[in-house]
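The values are calculated or read from the model by the stated rules, or taken from the named source; none is laboratory data. Remember, predicted model here, so these are calculated numbers, not experimental data. Cβ sites come from the backbone with ideal geometry, for glycine too, and all protein chains shown count toward neighbours.
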Amino acid sequence: MRDILYVDMSTLSVERKPLPEKWSRYGGRALTDAIVYDMVPPAADALGPDNVLVFSPGLFGGTTAPNGGRLSIGAKSPLTGGLKESNSGGQAAHALAKIGFSAVVITGKPSDPLARFMLTIEADGAAKLSRVDEWTGLGNYAVADAIKAMRPADDHYSTITNGPAGEAGLKASGIAVSDMKGLPNRFAGRGGLGAVMGSKGLKAIVVSDKGLKGVEHADKDAFNAAMKRFSTALTTHPVSGTGLPTYGTNVLMNILNEAGGLPTRNFSSGQFEDVEGVSGEKQREVTLERGGNVKHGCHTGCVIQCSRYWVDKDGAYVTKGPEYETAWAFGTDCGISDMDTVATLDRLCGDYGLDTIEMGGTMAVYMDSGALAFGDGPGAIKALRSIFNGGQPGMVLGHGAEATGKAFGVEHIPVVKHQSMPAYDPRAVQGIGVTYATSTQGADHTAGYTITANILGVGGSVDPLKTTGQAELSKGLQIATAMLDAMGLCIFVAFPVLDIPDAFVAIYDMATAHTGQTWDTDELMKLGRETLTFERLFNEAAGFTAADDRLPGWMKTVPLPPHNTVFEVTDADLDAVHDFVADTAKEMGLK
Ligand code: SF4
C-alpha cells in the first residue's frame, strides 16, 4: 500500500488517495519533484497558497535497507526560486512508510496568518489538524517537549517541526526531524523550506508508528540476502566503515585543510591556521572526555553511524555533531577555532530552525563587511541572537548570505542561485565548483559530491586543481545522487557504491525484491535522470537560464591561497552537464 496524504491548509481538510500508477517507481526526491512539478506553477509565490510542501520517504522507507531512511522534503524554494529538494535523517520517513504513505502533500494556506496547526498522523493512518496557536514562536526543542507532553507515554512517534525562523518566513530556514531519541536535531536545512512550512501555518507534524512492522517485501528472502551484501559493503569500506563512524562527518576538516580547499574567512584562503580546535579528531577527544556519545545512527537501520552528540563541560547535551559543514561554517569560515562556540551557534540554529551552512556562510559574509571581526565567537552568538531579539544586525541575517552581503556592501558573496556555498572551495576543488554551478539546487555539495574522486580517491581519482574530467565527474554523480535520494539512501552509501561493484548491484537487487518491479543499472540511472529532469524543467520555466549555472565571477579572477588557483572549468563544459535533459523529457512525455 503506497498512498498520498493530501492536507489542504485552506480548507483544513485531509484526504488519503492512492499513489498514481505513473509515480509507482518514485519515492523520496523523485516523488517530491514529480508532485511539485505537477502541482506548482513555476512562477508561483513560494510563500503563497499555490506552492505545495511535500514530505516523502524513499522507496526503501520503512524497510531494513541499510541507511535507507532519509526523508525528502520538496517545494518551490523561497531562497533559490527553483524546485528544491532537501533531505533529512531522523525517524519520520520510516514511520510514514510503515503507515503506508509515500508522500504527505501540504497545499493551500490558512486564511488566518496567525493560526498555527499541528498535523497528527496516527499509526492507523488517521490524520487530523489541530490548533496550536500557543506554540507561536517556540523553538524546535520546546515544541518537541510540548508534543511529548501531549502524547501517550507508551507511544512511539516521530516529529517534523518548524522553528520561529520558518514562521518568520526567513529564507535560511529549514525543517527539523526528530532522531531516534526524539531530539529535533536532524534537518532538511537548505533552501528555506521552513518558510514554506511557516507560510502554511504548519508548526508540527507528529507521526506515530506504534506497533507497526516494517513494510512488506515482494520477495523477503531475496531482499534480506541483498540487504546483507549491501550492509557488508557499507561496513567494510574505509570511509563508511571506519572514517565516518570514528570521527563523524568532521573527519573531513583536516583532510580539506591539507588539500588547501577548506574555505576560510569568507572564502579568502583554503587553509585555516587554527583548524585543530574544530577538527574531527579534537571533537572526538573532547566529546569522549566529557562523556558524550561519539557514534550512533540518526535513524534505525543505519549501519555507518556518523552521528554524535556534543555535550557541554558538565556533560549536558547541547546539539548533535556538530557536523563537518557546521564546524566549517561557524568555525573556519568565520575564523573561529572553538568547538563550544560552534556548538552554541549550532544549537541556536537548531532551535530557531536555521540552516547552519547558510547561516555560517552568512556570518562570514557579515564579518567580511568589517562589522564584526573574524574569530569573534561571542560577537557571532550575539549577532545570531539578534535575528529574534530586536538587536543588530537583526533579521537580515536570517535571509542568508546574499541578502546580508548586499545589505552590508560585501564584494565577495559565495552563492550560486542565491544559496550559500558549502565547505569546499571550487578554486581548489574544481569538480565541486561544477556541481555548485550547475546543480538545480543552487550551491549544494550533496548534489554531486566530487570530493570522492577529487580529494578522497574514492571511485577513481581526478586532480582537483585541473579542469580535465570535472564536468563528467559531476554529471555522473549528480545523476547517481538523485537516484540515491529517490531510494531514500543516505549519501554516505556513495563511498562503497563507487568502489565496490556489488554494492551498486545490491541496491537494484533490494529494489527488485522489495517492489516486485524489475530494477537494474539502466533503471537506476534512468530514475536519476528523470529526477533531475523534473527539477531542470521546472527551473527553466521559472526563468533560469545558462547564466544561472555559473559561479560568482570573482572566483574566476581572485586566486585562492595556498594553491593560488582560480576556477577554470569552461562555460561550455558547465553547459554540457545537463545535456541529457531534453531527451529524457521527451521520453517522459514532458515536453
Ligand atoms: S550515516 Fe550518518 S547521516 Fe547517514 S543515516 Fe547514518 S547517522 Fe544518518
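Structure above, values below:
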read-out	value
Subset of the stretch 284-342 that is of a type in the set (S, T, Y) and within 16 Å of the ligand (Cβ to nearest atom) - its residue that is nearest to L244 (Cα to Cα)	S307
Selection status of Y449, among the aromatic types (F, W, Y), under 28 Å from T481 (Cβ atoms) and buried (at least 24 other Cβ atoms within 10 Å of the Cβ)	yes
The stretch 477-506: number of residues that are in contact with a helix residue (DSSP H, G or I) (Cβ under 9 Å, 6 or more places away or on another chain) and away from the ligand (no atom under 15 Å from the Cβ)	14
Answer from L590, L560 - the residue that is more than 30 Å from E523 (Cβ to Cβ) and either modelled with pLDDT under 95 or in contact with an Asp or Glu (Cβ under 6 Å, 6 or more places away or on another chain) (or both)	L560
Checklist (1) buried (at least 23 other Cβ atoms within 10 Å of the Cβ); (2) among the polar types (S, T, N, Q); (3) free of Cβ contacts under 8 Å to residues at least 24 places away in the same chain applied to T468, failing item	(1)
Qualifying residue in the stretch 196-212 (condition: surrounded by 22 or more Cβ atoms within 10 Å (Cβ to Cβ), within 16 Å of the ligand (Cβ to nearest atom) and either among the aromatic types (F, W, Y) or touching a residue at least 12 places away in the same chain (Cβ under 8 Å) (or both))	no
Within the stretch 85-135, tally of residues that are of a type in the set (D, E, K, R) and either within 16 Å of the ligand (Cβ to nearest atom) or within 28 Å of G442 (Cβ to Cβ) (or both)	2
Matching option when the condition is assigned to a loop (DSSP other than H, G, I, E, B) and charged (D, E, K, R), among D583, D509, D579, D573	D579
Among the candidates P422, P414, residue that is under 16 Å from the mean Cα position of the chain (by Cα) and buried (at least 24 other Cβ atoms within 10 Å of the Cβ)	P422
Tally of residues being among the aliphatic types (A, V, I, L, M) and over 15 Å from A329 (Cβ atoms) across the stretch 253-304	7
Members of the stretch 280-311 that are over 22 Å from the mean Cα position of the chain (by Cα) and either within 23 Å of T446 (Cβ to Cβ) or outside any loop (DSSP other than H, G, I, E, B) (or both)	E281, K282, Q283, R284, E285, V286, T287, L288, E289, R290, V311
Check on D314, modelled with pLDDT of 95 or more and part of a helix (DSSP H, G or I)	no
Members of the stretch 262-283 found to be out of contact with any Phe, Trp or Tyr (no Cβ under 6 Å at 6 or more places or on another chain) and within 16 Å of the ligand (Cβ to nearest atom), listed by number	Q283
Where a residue in the stretch 343-361 is farther than 14 Å from K382 by Cα and its partner, wherever it lies, is among the basic types (K, R), with Cβ under 6 Å and at least six apart	D355/R190
In the stretch 522-569, the residues that are over 21 Å from G442 (Cα atoms), touching a Leu at 6+ places or on another chain (Cβ under 7 Å) and outside any loop (DSSP other than H, G, I, E, B)	T565
Test: A511 is surrounded by fewer than 19 Cβ atoms within 10 Å (Cβ to Cβ) and among the small types (G, A, S)	no
Failed item, numbered, when I500 is tested on (1) surrounded by 21 or more Cβ atoms within 10 Å (Cβ to Cβ); (2) under 30 Å from T232 (Cα atoms); (3) over 21 Å from the mean Cα position of the chain (by Cα)	(1)
Test: A176 is under 25 Å from the mean Cα position of the chain (by Cα), within 16 Å of the ligand (Cβ to nearest atom), touching a residue at least 40 places away in the same chain (Cβ under 8 Å) and within 27 Å of G81 (Cα to Cα)	yes
Test: residue in the stretch 524-539 that is more than 22 Å from the chain's Cα centre (by Cα) and either among the acidic types (D, E) or surrounded by 21 or more Cβ atoms within 10 Å (Cβ to Cβ) (or both)	no
Test result for S56, under 30 Å from D549 (Cβ atoms), in contact (Cβ under 8 Å) with a residue 12 or more places away in the chain, of a type in the set (G, A, S) and within 14 Å of the ligand (Cβ to nearest atom)	no
Failed item, numbered, when K382 is tested on (1) farther than 27 Å from G89 by Cα; (2) surrounded by 19 or more Cβ atoms within 10 Å (Cβ to Cβ); (3) charged (D, E, K, R)	(2)
Any hit, the stretch 345-358, residues being of a type in the set (G, A, S), within 16 Å of the ligand (Cβ to nearest atom), closer than 30 Å to M227 by Cα and buried (at least 24 other Cβ atoms within 10 Å of the Cβ)	no
Top-ranked residue of the stretch 227-247 - restricted to ones that are in a helix (DSSP H, G or I) and in contact with an Asp or Glu (Cβ under 7 Å, 6 or more places away or on another chain), ranked as farthest from the ligand (Cβ to nearest atom)	R229
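For every residue, the table says whether it meets (1) charged (D, E, K, R); (2) farther than 29 Å from L71 by Cα.
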{"position": "T232", "(1), (2)": "no, no"}
{"position": "Y247", "(1), (2)": "no, no"}
{"position": "N266", "(1), (2)": "no, yes"}
{"position": "E273", "(1), (2)": "yes, yes"}
{"position": "T326", "(1), (2)": "no, no"}
